[in-house]
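Student: Structure provided below as C-alpha cells; questions to follow.
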Amino acid sequence: MPLHAATIFLSAFLLFLVQPVLAKQVLPWYGGAAIVWTTCMVFFQSMLLLGYAYSHWLASRVDSPRQNGIHIALLLASLAFLPILPAESWKPAGDENPVARILLLLFATVGLPYFLLSSTSPLIQAWFAREFPGSSPYRLFALSNLASMLALLGYPFLFEPWLASPAQSWAWSGGYALFVATCAALAWRSRGLPALERAAAGAAEAAEPRPAAATLVLWLALATMGSVVLLAVSNHLTQNVSSIPLLWVVPLAIYLLTFILCFEGTRWYRRDAYLGFLVWILCVMAWFLADKRLQFELGWQVAVFAAGLFIVCMFCHGELARLRPGPRHLTLFYLVVSLGGVAGGVLVGIVAPLALPGYLELEIALVVVALLALVVNADRPKPIIAMFAAVCAFTSGALAWRVQTFTEDTLLVERNFYGVLRVKEVLARDTDPETRYRSLVHGAILHGEQWMAEKYRRAATTYYKTTSGIGRTLLAHEGQAIKVGVIGLGTGTLATYGDADDTYRFYDINPAVPRVAREYFTYLSDTPARVEIVLGDARLALEREGVQGFDVLAVDAFSGDSIPVHLITVEAVGAYLRHMRPRGVIAFHVSNRFLDLKPVLLAIAERHGLEYAFVHETGDDGGTTSDWVLLTRHKPFILRPEIVEATEPVAPQPGWRLWTDAYNNILQVWRD
C-alpha cells in the first residue's frame, strides 16, 4: 500500500506542477494573452482523457502480465522527452493559428510523460482493487487530488520565486525520472494478478450492473459544468490583472480541493446545505457580472468568484461522488469524468471565442448550473423545485441584462484569441453633435478615444495627451525628423504627433486591431507621417529585425490591466536598446490599478546604466490619468524643464530580485 500511495502522490504532484511550469514559458511567445492558460488547459485535459481511456482499456481488456509489460515499456520510452524545455523553433512568426501551435508545442514537449502521468491514478487504483479486494480505492483518488493541490499552491510561493524557468523544467524532469522508477516497480510487482484471480477475488463486484445511459449523461454533465465554471472564473480573474501563475493555480486548486473533500468520504458534502449555498452564490455571482460598477472591485471580485467556484464545484463533484459506481466500473467512471473536463475546456477555450462576441461564458454557465441543479432535484418537494426555477430565472435575467449593457452604444464587438474588442460611440454632451467621440475598449479597459468632429479629431486624448509622459517626450523632438516605435497600436493615437518627415512603426499581436484602427478611427489616415504596422509579438519581432534606429519607443501593450511581463525584463530592455539611437527614449506606459511596476523598471534602468524619470499625469482637468516611465542614455533629456516639472520620485526596492526572462514576481508589485 505505501508504494501505491507514493506513486499516485508523486504522479499527481508532477501532473499539475508541469502545467504552470510550461504555460509560463509559452506565455511570452503569445503576448501574455490570458487565453494561453485556457489553451494549455485544453491540452492538459485532453491528455488526461486519453490517459484515462488508456487505463480503462488496459485494466479491462488486457490481462496481466501483458498489461504491466506494456505500461513499463511506455514509461521507459517517455524518458526520451526529458528535459521538458520548449524548443526555440516553436516560437511563432505571427501568422500562425495560436491555438493549434500551442497544442502541438505542448504535445512535442511533454506529450508522452503527461499521458502516462494522467493514466496513473485510475490504473493504480485498479491494481490496488485487485491486490486488496474489499478495500475502497477512492481514498487514493482523494490523495491524488491532495498532491495536485499542493503542487499548484506550491508553484507560485515555493517554485516560481526561487527557481528560474529552465531550472523549473530540469527539476520537474528529475522528479519525473523518479516517478518512472516507482511506477515501473509497482507495475512489475502487480504483474502476478491475472484476470481470473481478479474475478475470483471480487465476485461480488463483478455482479454490479453497468451504469444506465442516464447516469452516464449525468456524470458527464456534472463534470463538464465543473470544468466550465473553473475556466470561466479563471478567465474572469485574469483579464484585468495579469495572466500569471498565481491567478491560474488558485482557481484550479479550489477545483481540486472540492474533489478531495467529496471523494475522501461522505462527511464533507452535505447535500441540503450545499444546495442552499448554491442558490445564494449563483444569484450573487450573476449580480456581480451584471453590475458594471463592481467590475473593478478586485477584492470583492476575487472573494465572490473564488467562493462561487468552490460552492459550484462542491455541488458538481459532490453529486458525482454520490453517484459513483463500485470498483468494477471505476475506470469507466473516471473516463466519463475526464471527458467532461475536456468538454468544459473545449467549450471555454475553443468554442466560446468563436461563438460568443464577448466573455459571456461565465454568465451562461451560471444559467446551466441552475438548470442542472433543477434536474438533479426533480424528485424533491415542490418548494425546492420552485426555488431552483427562480434561480434559473434570475441568472437568465442577469445574462440578458449583461448582453444589453455590453452592446449599448456599441458599433463593433469582435472576439478572438487575444481578447474582446469593442468600438463605442457616444456624445459627451447630448445636445452638442460636435462632442461625439469613439472609444476602443479591450476587455474592460479603454485603449484610446477620438473626437469625431473634423476640428477635434487630430487631438491626442486619454493616456496620450500632450501633458502625458509620452506626449512630453514626442513634443521634445518637435521640429526633428524622427522614427518612433510603438508596441501596442490601439486606435493609433500617437500617430497624431507625426509630421511628414517622421516614421511611426506600430507593433501589435492582435490581427484585428489594425483593421479596427483603420475602419473606425482616423488617426492613421490623418497623419502625414509614414505609418508601418508589424503583426506579431513585438519582442519576437524586434529580436528578428535589423536595427531600426528609433528616437522614441513607446511600450504600451496591455490587455485590459494585464501586464505582458516578457516586455518588462532586463533582456527585453536590452533588445529595445539595440534599436535605439544614442539619444533615444524608451517610454513605458505603466498605468495600472493593481500593480506598481515603477520599482521594477528603476532596477532594470540601473542594471543597463540608464537615466530614469517617472511622469504622472493627475487628470485634474477631468481627463484620464496616466503613468509613464522614461528611460534613456541621454541625461539632458531627463533634465528638460517640461520633463522635470512632471517627474515624481520613485523609491528603489533593494530587496527585490531583478526581473529577467527567467524570473518575475507579480506578488512583489501588488499595490497595497
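Student: Count of lysine pairs in the chain with Cα atoms under 28 Å apart, counting only pairs 8 or more residues apart in sequence or on different chains?
Tutor: Value for the chain: 15.
Student: Please report the net charge: other residues with Cβ closer than 13 Å to the Cβ of Ile643, K and R +1, D and E -1.
Tutor: -2
Student: Testing the spin-label approximation: label points 7 Å from Cα along Cα→Cβ at Arg544 and Leu220. State their distance in nm.
Tutor: 4.2
Student: Show log10 I(q)/I(0) for segment 75-165 at q = 0.11 Å⁻¹, two decimals, from a solvent-free Debye sum over equal Cα scatterers.
Tutor: -0.52
Student: Taking 0.36 nm per residue of sequence separation and subtracting the Cα-Cα distance, how much length would be gained by fully extending the chain between Ala307 and Asp501, in nm to one decimal?
Tutor: Contour length minus the Cα-Cα distance gives 64.1 nm.
Student: Rounded to the nearest percent, how much of the accessible area of the chain (1.4 Å probe, protein heavy atoms only) is carbon and sulfur?
Tutor: 62
Student: Calculate log10 I(q)/I(0) of segment 491-569 for q = 0.11, 0.15, 0.21 Å⁻¹, where I(q) comes from the Debye formula with a single equal point scatterer on each Cα and nothing for solvent.
Tutor: Rounded to two decimals, the profile gives -0.30, -0.57, -1.10.
Student: With the contact rule set at Cα under 8 Å and sequence spacing of 6 or more, what percent relative contact order holds for the chain?
Tutor: 14
Student: Based on the mean of other Cβ atoms within 10 Å per residue, sort peptides 216-226, 373-383 so the most packed one is first.
Tutor: Listed from highest to lowest mean packing, they are 216-226, 373-383.
Student: Calculate, for the chain, the solvent-accessible area per residue in square angstrom, rolling a 1.4 angstrom probe over the heavy atoms of the protein chains.
Tutor: On a per-residue basis, the chain sits at 38 Å².
Student: How big is segment 300-426 by the Kirkwood estimate over distinct Cα pairs, in Å?
Tutor: Result for segment 300-426, one decimal place: 17.2 Å.
Student: Points 7 angstrom from Cα along the Cβ direction at Asp620 and Leu85: gap in nanometres?
Tutor: 5.4
Student: In whole angstrom, note down how far apart the Cα centers of segment 291-354 and segment 369-398 are.
Tutor: Result: 18 Å between the Cα centres.
Student: Using R₀ = 30 Å, calculate the FRET efficiency as 1/(1 + (r/R₀)^6) where r is the Cβ-Cβ separation of Val426 and Arg593; round to 0.05.
Tutor: 0.85
Student: Still on this structure, please answer the following. If you stretched the chain out fully between Glu519 and Trp401, how much longer would it get, using 0.36 nm times the residue separation minus the C-alpha to C-alpha distance?
Tutor: Here the answer is 39.6 nm.
Student: Which listed residue (Gly397, Pro433, Ile384) has the Cα farthest towards the positive end of the charge dipole for segment 343-448, taking +1 on Lys and Arg C-beta and -1 on Asp and Glu C-beta about the Cα centre?
Tutor: Ile384
Student: Same structure again: Work out, in µm²/s and without decimals, the Stokes-Einstein translational diffusion coefficient of segment 1-126 at 25 °C, 0.890 mPa s, Rh from Kirkwood over C-alpha pairs.
Tutor: 157
Student: Quick one: if the Förster radius is 25 Å, what FRET efficiency do Arg581 and Thr466 give, using the C-beta to C-beta distance and rounding to 0.05?
Tutor: Calculated value: 0.65.
Student: Explain nothing, just the number: dipole magnitude of segment 517-672 about its Cα centre with +1 on each Lys and Arg Cβ and -1 on each Asp and Glu Cβ, in debye rounded to the nearest 20.
Tutor: Computed charge dipole of segment 517-672: roughly 620 debye.
Student: While we're here: Rg/Rh for segment 249-313 to two decimals, with Rh computed the Kirkwood way over all alpha-carbon pairs.
Tutor: 1.03
Student: Determine the sum of side-chain charges near Tyr437: Lys and Arg each +1, Asp and Glu each -1, restricted to other residues whose C-beta is under 12 angstrom from that of Tyr437.
Tutor: 0
Student: Tell me, what HN-Hα J-couplings in whole Hz come from the Karplus equation 6.51 cos²θ - 1.76 cosθ + 1.60 at θ = phi - 60° for each residue of segment 459-472, using x for Gly and Pro?
Tutor: After applying 6.51 cos²θ - 1.76 cosθ + 1.60, I find 6, 6, 10, 6, 6, 10, 5, 5, 8, 7, x, 6, x, 5 Hz.
Student: Given the C-alpha atoms of segment 576-672, compute the convex hull and give its volume per residue in Å³.
Tutor: Spread over its residues, the Cα hull of segment 576-672 gives 120 Å³ apiece.
Student: To the nearest 0.05, how large is the calculated FRET efficiency for Asp63 and Leu354 if R₀ is 56 Å and r is the Cβ-Cβ distance?
Tutor: Efficiency for this residue pair is about 0.80.
Student: How are the alpha carbon pair distances in the chain distributed across 20 Å bins from zero to the largest one, expressed in percent?
Tutor: Calculated P(r), rounded to whole percents: 18, 46, 28, 8, 0.
Student: If I model a spin label at Gln295 and Ala386 as a point 7 Å from the Cα along the Cα→Cβ vector, what separation in nanometres do I get?
Tutor: Taking the two extended label points, one gets 3.7 nm.
Student: Sorted by packing (mean other beta-carbon atoms within 10 Å per residue), highest first, where do 437-447, 249-259 land?
Tutor: Result, highest mean first: 249-259, 437-447.
Student: Please work out how much length the chain gains when fully extended from Arg189 to Asp272, using 0.36 nm per residue of separation minus the C-alpha to C-alpha distance, in nm with one decimal.
Tutor: 25.5 nm
Student: Let me ask something else. Would you mind working out the magnitude of the charge dipole of the chain relative to its Cα centre, with +1 at each Lys and Arg C-beta and -1 at each Asp and Glu C-beta, to the nearest 20 Debye?
Tutor: Using only the charged Cβ atoms, the result is roughly 1900 debye.
The values are calculated or read from the model by the stated rules, or taken from the named source; none is laboratory data. Here the structure is a predicted model, which means the values were calculated and not measured. Ideal geometry is used to build each Cβ from the backbone, glycine not excepted, and the neighbour counts take in all protein chains shown. The protein model used for the area step is the full one, side chains on, heavy atoms only, and it has no ligands, DNA or RNA in it. Shrake-Rupley method; radii C 1.70, N 1.55, O 1.52, S 1.80 Å.
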